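Okay, so here's the structure we're looking at.
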Amino acid sequence: MNENSITRKLIELVESTTGAAWLVGVAFGLYSHGPFIAETGTLVPLDVSRLRLLDSKIDELIISSIELKESCLATNDLPRVAARFQTLIDEYRHQVCSTKADLLLSDFDHVVREIVCPTSDEQVSLVIEETNRLEEDVGVEAVVEYLKNHWKEDIRFRQRYITALFDSRNWKTIVNTLQDLDSERLAREELEALCLAHAYLSDFHAAADSLQVYVLKHEDAAAKLFSQQLIRQFTELRETDRTRSD
């Protein structure tokens, strides 16, 4: 069996245990985030490399999981390795004893399964539902962390990611995410977010360019209202238009 087949089979074997698919994904290099519990009690996804420096329990868990991966590749004893992955994550969850951590691990499980298995419409809907639950339980910043390495996998993930960035007023990341994409293919909400992001960053020439694409693409009353409100809010856009006309 190759490594992809081994990973897929392991994830099938551990499916009944919350967090086990995530741990397999981290061990095999498929997923790079884990649950971080701040001193305030806030729970957010965090890059595993940083997380290992901040949380000794996670560090020990990752070390053990990587050792399991090496054992699995050497022996192909999948049932034994799968059971050990389940034991490791159960021990960690018992130490942490957090309902929110369990919810976040469950979200991670879904993402890992999405990476390993081909994406279907039903699976995309499931991931979107999980991001909505994550936003409700943890906050919009958690959604940003959750999707930032996966928004390229499906256009609906990208649109959900942009919505989360917009709600968290993360203007720079919106621009970095969308500026190199074909503006003609951006969804209406994405173009609106890009216009606003450029404007809030005081890049009014870029904002005017994005707004021009938006107006040409959308000619309904709602689009006209958005354009008017944007220019009213950022009067510099009028000056940009005048300069270009001159």
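Structural remarks
- Here is the list for the range 162-229: trypsin sites (Lys or Arg not before Pro) lying in DSSP coil, each with at most 15 other C-beta atoms within 10 angstrom of its C-beta, are R169.
- Sorted fewest first by neighbouring Cβ atoms within 10 angstrom, V112, V48 come out as V48, V112.
- Counting neighbouring Cβ atoms within 10 Å and putting the fewest first, the residues E190, E91, E145, E129 line up as E129, E91, E145, E190.
- Distant-in-sequence amide H partners of F36 (H built 1.01 Å from N, under 5 Å): V44, L46
- Rounded to whole Å, sorted largest first: equivalent-ellipsoid semi-axes of the range 112-233, Cα gyration tensor: 28, 15, 13
- Among the lysines of the chain, pairs that are 8 or more positions apart or on different chains and have alpha carbons within less than 29 Å of each other number 19.
- With neighbour counts taken as other beta-carbon atoms within 10 Å, the residues T40, T131 rank, fewest first, as T40, T131.
- Taking each DSSP H run with n ≥ 4 as -39500 (n - 2.57) and averaging over every residue of the chain yields -23000 deg cm²/dmol at 222 nm.
- With bins 10 Å wide beginning at 0, the percent of Cα pairs of the chain falling in each bin runs 7, 27, 27, 18, 12, 7, 2, 0.
- Isotropically averaged projected area of the range 169-246, using the convex hull of Cα atoms (one quarter of hull area), nm²: 4.9 nm²
- Shape call, the range 63-160: gyration tensor on alpha carbons, a/c limit 1.5: oblate
Laboratory data are not the source of any read-out in this text; all were calculated from the coordinates shown. A quick note: this is a predicted structure, and the numbers were derived from the prediction, not measured. FYI the Cβ positions are ideal-geometry reconstructions off the backbone, even for glycines, and counts take in every protein chain you see.
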